[in-house]
Amino acid sequence: MHIDGSQCVWGRLAALVSWCSLSPVVLAGVYSTETSHFKVVASSRAMADEVGAKAEEFRHEVAREWLGEQLADPAEKGVIQVAFEPGPSRATTWVDPVGTAHHVTIVARDSSLIEALLKHEIAHTVLLTALGPTVPDWANEGIASRYDNRSRQTIRERKLREFASLNSWPRLDKLFASPVEAQWSYTASVAITDFLVERGGKGEFIAFLRTAGTQGYDTALRRHYDIDSVSQLEELWHRHTRLVVAQKNQDAFRSEHVLVRYRTRDGDSRVGSAGD
Ligand SMILES: [Zn+2]
């Protein structure tokens, strides 16, 4: 799916696709480097080294932030391919059929976009390593998308305001059971993740996902958040979002009026303004 010219997809390779023959990015020149946990392939030595160093830094940071500990070394190093192309940027994380090796591809318009794309994808590899390939799509994207750049976040914030103002909420039972592919599902995934993390912290959210994986969402919600069911979560999330959106609208109205007042006074020395 496309978000402001960028794309992120993660998934499991179908058995029919040969893991070894996967080569989704064509590079003009090929330079590779190896770090403790990754093999990085890029079109220049400097880029391969820089991406490798960043990938290690992000793996460490994301694991500490969400798991409170470092991840064990993987059985197999992950592969990261980076390339530059004009047009929409995109990034993908694949997990092999056995569920142990990760393959990240990043195709960006320019180097300024690499960092956020890389951190998003590294978050996927950390979650897939810690929780296994059955980690639900919505939570995988909900966590990884928190590392997106400002432009992606702004698009989702706009979509969330649309849910609240048009009363056009997506159904959570549908979100929890579907792949995350469309803008509404990215928006809802991040919003629900934020809502639950705000309520109980990151460690509790990971514990909730582990319980949900074995005992279902209703049991996990009761145990970790004192919420009776997915339906009640939906109601609480709607109410919370409406309040946040109303508060932001009020703040925006106030700051706009302050701005108008200053402009008027600076511009033509009139006393008073539209904001008074
Ligand atoms: Zn993603």
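Values in this text are rule-based calculations from the coordinates and carry no lab data. Predicted, not measured: the structure shown is a model, and the values here were computed from it. Cβ placement follows ideal geometry from the backbone for every residue including glycine, while neighbour counts extend to all protein chains displayed.
Data for the structure
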| quantity | calculated |
| --- | --- |
| Contour excess over end-to-end distance, with Cα ends at Asp110 and Glu204 and 0.36 nm allotted per residue | 30.1 nm |
| Protection-proxy order for peptides 231-244, 137-150, each taking the mean of Cβ atoms within 10 Å per residue, highest first | 137-150, 231-244 |
| FRET efficiency estimate (nearest 0.05) - Cβ-Cβ, Glu69 to Arg222, R0 25 angstrom | 0.40 |
| Prolate/oblate/rounded label for the stretch 99-164 (Cα gyration tensor, a/c 1.5) | oblate |
| Where labels lie 7 Å past Cα in the beta-carbon direction, separation of His238 and Asp251 in nm | 2.5 nm |
| Rounded Å value of the spacing that divides the Cα centres of the stretch 112-144 and the stretch 50-88 | 9 Å |
| Whether the stretch 169-222 is rounded, prolate or oblate, judged on the alpha carbon gyration tensor where a/c under 1.5 counts as rounded | oblate |
| Theoretical FRET efficiency, 1/(1+(r/R0)^6), r = Cβ-Cβ of Asp49 and Thr154, R0 22 Å, to 0.05 | 0.10 |
| Semi-axis lengths, Å, the stretch 70-114, gyration tensor of Cα atoms, sqrt of 5 times eigenvalues | 26, 11, 7 |
| Check: the stretch 24-121 dipole with +1 on Lys, Arg Cβ and -1 on Asp, Glu Cβ, in debye | 240 debye |
